[in-house]
Amino acid sequence: MKGVIPKALILLLTGITIGCQKDLPKPETKPKIVIMEPTYKNQFEILPVYNQNSKEIPSLIVNHKTRGSQVMVECIVTGISFRESDRTKDKVGKMVIWIDGKRTSEASSAAFIIKGLSPGSHKLKLEVVKLNYEPYGLAKEFMVNIPK
């Protein structure tokens, strides 16, 4: 009787392990491999983001982030170039920065950092103007809070 129980137990465990191996789930869909062909001939081809000759309506989108007493500003300006070397073009400009209603500085790039703001809330205004300070009519105002 003693030899029958271990043999039965071994047979039972063997049957369970063999039977469980075939219960693997089958994938519902087959994976597809799609080979992407490059859309350009040269790997190092540079495509312009903005064509100065286009009739694109100028627009201004502003993203900002506060870190300590600094405000990092990134602007997306369409239809206007900040490159002063393009003076022959009609749509060349710069950014005028207003803090709490006072004109404080200018920027000739679309990304810049405003440093040294005092703790508290401040109203910032960014205005895109021509090189002779004529407004393009593009401006954004937003509030920032500098922690103490």
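Structure values in brief
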| item | result |
| --- | --- |
| For residue 138, distant residues with modelled amide H under 5 Å away | 128 |
| Added length on full extension, which subtracts the Cα-Cα distance from 0.36 nm per residue, residue 109 to residue 72 | 12.1 nm |
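Computed from the coordinates by the stated procedures, all read-outs in this text should not be read as laboratory data. Everything quoted here is computed from the prediction, not taken from an experiment.
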